[in-house]
Amino acid sequence: MTKRHVSLPDDAEATLRDFVGEVDDRLSTEDTYEVVEDVLVDLNGDREAYEAWQNGNTVSSVEEARLQSYDPRNATLESEYYAEKDEEKFAESKPLQWLWRQFDNTPVADNVDFALEFRQMLARHLFADAGEGLRIFKGVSMTYGHNIELGDNVVIHDDVHLDDRGELDIGDRVSLSDGAHVYTHDHDVVDQTEVTNYRTTIEDDARVTQGALVRAGVTVGENSLVGSRAVVQQDVPAHHVAVGMPARSVRVKPGFEGDAIPVEDAESAAGDREDRRIPYTLPDDFEGFDEFQRDI
């Protein structure tokens, strides 16, 4: 085994449990935006300055901007601009995603045991489904959060991006290594403002290694392995090892030859991405914004 069990001292462990439990309870019973603002003020040690500002004391414009930013309503996220987003779901997930991102910018986010416990709790509020025993490390980003399903004992390492403009389903005991990117949307080749969303699936016991990219609409099969820096453009069969750009199956994991299809059949066995397309419609009164300002 590559890991050993580590625990905090009893006093620190008790403090951790109390803090996480308190935030968990408040997120379940109080206004989410207000809870997030309150927690971020305290995590950043800004309570005294915040209270003084709230009581009408004059502060500099820089300090006021900092204090205002603890309230998610005073912040915008890139995903907020996406035309097809579910406005009602996003209103619920935005403050939780803001808390996730801002928590990772605080010193306590480097306290691994503390941070893993906090993110496990927050995942239960943010994601569509979050299993037990999650280990989510620092710098993990997502589009919305509310279109992500995570199984039990999933490990997501530093700086992984989970795109959930479509739907992302991650099974039990999946490992996503540092810097991996998993996508659920594609842009049109000609008009890049045209977006198509898909359901992307990473099945139980699969491993996507360092810096790999999984394209929207792909299924990474059970117990498969995606090699470092690979670009997965089509399904990876169960128990296969896929490497390269674009990724290709190169062998079956030792010991699973009887459970896997032959390597030479991998490409022909890939599913149809179009069957995993997630349609959406925009409101009749929608006013779009083209950031490129081009006529195509």
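Details
- Note on region 61-77: residues that are in a helix (DSSP H, G or I), open to solvent by 80 Å² or more (accessible area, probe 1.4 Å) and either in contact (Cβ under 8 Å) with a residue 60 or more places away in the chain or not charged (D, E, K, R) (or both) amount to 3.
- For region 43-60, a tally of residues being open to solvent by less than 90 Å² (accessible area, probe 1.4 Å), of a type outside the set (Phe, Trp, Tyr) and at negative phi returns 10.
- Whichever residue in region 161-198 is assigned to a loop (DSSP other than H, G, I, E, B) and β-branched (Val, Ile, Thr) and, among such residues, is surrounded by the most Cβ atoms within 10 Å (Cβ to Cβ): 184
- Qualifying residue in region 277-293 (condition: of a type in the set (A, V, I, L, M, F, W, C) and either closer than 24 Å to residue 154 by Cα or not in a loop (DSSP other than H, G, I, E, B) (or both)): yes
- So residue 251, is it under 20 Å from the mean Cα position of the chain (by Cα), surrounded by 13 or more Cβ atoms within 10 Å (Cβ to Cβ), in a strand (DSSP E or B) and not aliphatic (A, V, I, L, M): no
- Criterion (closer than 15 Å to residue 121 by Cβ and among the aliphatic types (A, V, I, L, M)) met by exactly one of 62, 39: 39
- Members of region 248-296 found to be closer than 30 Å to residue 83 by Cα and among the aromatic types (Phe, Trp, Tyr), listed by number: 280, 286, 289, 292
- Failed item in (1) within 27 Å of residue 81 (Cα to Cα); (2) touching an Asp or Glu at 6+ places or on another chain (Cβ under 8 Å), with residue 214 passing the rest: (2)
- Some residue of region 270-287 being small (Gly, Ala, Ser) and modelled with pLDDT under 95: yes
- Of all residues in region 2-26 being free of Cβ contacts under 8 Å to residues at least 24 places away in the same chain and outside any helix (DSSP H, G or I), the one that is surrounded by the most Cβ atoms within 10 Å (Cβ to Cβ): 9
- Unmet requirement for residue 139, which otherwise passes all of (1) under 23 Å from residue 31 (Cα atoms); (2) surrounded by fewer than 18 Cβ atoms within 10 Å (Cβ to Cβ); (3) under 12 Å from the mean Cα position of the chain (by Cα): (1)
- Of the residues in region 27-38, at least one is more than 30 Å from residue 288 (Cα to Cα), open to solvent by 90 Å² or more (accessible area, probe 1.4 Å) and assigned to a helix (DSSP H, G or I).
- Selection from region 254-266 of residues that are open to solvent by 70 Å² or more (accessible area, probe 1.4 Å) and either farther than 16 Å from residue 225 by Cα or touching a helix residue (DSSP H, G or I) at 6+ places or on another chain (Cβ under 6 Å) (or both): 258, 264
The values are calculated or read from the model by the stated rules, or taken from the named source; none is laboratory data. Every value quoted in this text rests on a predicted model; they were computed, and no experiment measured them. Positions of Cβ are backbone-derived with ideal geometry, glycine not excepted, and every protein chain shown enters the neighbour counts. To get the accessible areas, we keep the full protein, side chains included, count just its heavy atoms, and leave off ligands, DNA and RNA. Shrake-Rupley method; radii C 1.70, N 1.55, O 1.52, S 1.80 Å.
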